[in-house]
Amino acid sequence: MAKPNKINLRAFQQELSERLKNKTAAQVDSLRLALECGDVSWLVRLGDTGEVLPMPEPVPVPLTKPWFLGVANIRGGLFGMVDFGAFLTGKATARAAGARLVLLGTRFSEVRSGLMVNKVLGLRNLADFAPAEAGGVRPWAARTWHDKNGAEWRELDLARLAQDEEFLQIEA
């Protein structure tokens, strides 16, 4: 049986950094990190994300909402870990082998948090998408796009999510 392809995240991030050095600000602004969470495909502004990590084992925090997985020590700092699928639907997400923790970028330093997603699908350029008529139901998921194959993608606005009262209130 063939082994599944493994992604070396450090090598991926270094390669991405090198590729971004050769891009203009407008080109970087149109790049999105593509994520899969549950049955929904998401696009996140690249500049709003921090690191993408394999899922660390969280330390549970009592008396918190079911979607708050706990905290993890990442490079000497404590980060809250959110099961993004459970936050969206109220149903816990099964932690698959490809699950990743996507940290909110450094500009959100007051909200040291990471989102557990099923998969990270790489980079996408908004030029390859067409805006869709339907809008999102939550302010941090306000835009919807269709790719060339007609698949629907939602844009996740991490700045708005980091200010969302429901997201910030983790106590049960």
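The values are calculated or read from the model by the stated rules, or taken from the named source; none is laboratory data. Given the structure is predicted, the values throughout are model-derived calculations rather than measurements. Positions of Cβ are generated from backbone atoms using ideal geometry, with glycine treated the same way; all protein chains shown enter the neighbour counts.
Name every residue in the range 139-158 that is in a loop (DSSP other than H, G, I, E, B) and either under 16 Å from Leu88 (Cβ atoms) or in contact with a strand residue (DSSP E or B) (Cβ under 9 Å, 6 or more places away or on another chain) (or both), in order of residue number. Listed by number, the residues that qualify are Ala142, Asp147, Lys148, Ala151, Asp157.
For the range 31-81, the candidate set comprises residues that are of a type in the set (A, V, I, L, M, F, W, C) and touching a Phe, Trp or Tyr at 6+ places or on another chain (Cβ under 6 Å); within that set, the residue that is nearest to Glu171 (Cα to Cα) is Trp67. Count of the range 125-134 residues, restricted to those that are surrounded by 13 or more Cβ atoms within 10 Å (Cβ to Cβ) and in contact with a Lys or Arg (Cβ under 7 Å, 6 or more places away or on another chain), is 1.
This table checks each residue for (1) outside any strand (DSSP E or B); (2) of a type in the set (Val, Ile, Thr); (3) surrounded by 19 or more Cβ atoms within 10 Å (Cβ to Cβ).
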| position | (1), (2), (3) |
| --- | --- |
| Pro56 | yes, no, no |
| Pro66 | yes, no, no |
| Asn73 | no, no, no |
| Val82 | no, yes, yes |
| Ala94 | yes, no, no |
| Arg107 | yes, no, no |
| Met116 | no, no, yes |
| Gly122 | no, no, no |
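Tell me, yes or no, whether the range 108-119 has at least one residue that is at positive phi and at pLDDT below 95.
no
Once the range 38-54 is narrowed to residues that are within 20 Å of Phe129 (Cβ to Cβ) and among the acidic types (Asp, Glu), the residue that is surrounded by the fewest Cβ atoms within 10 Å (Cβ to Cβ) is Asp39. Pairs linking a residue in the range 148-159 that is under 17 Å from Glu133 (Cβ atoms) to a residue that is of a type in the set (Ser, Thr, Tyr), with Cβ atoms under 6 Å and 6 or more positions apart or on different chains, are Trp153/Ser41; Arg154/Thr144.
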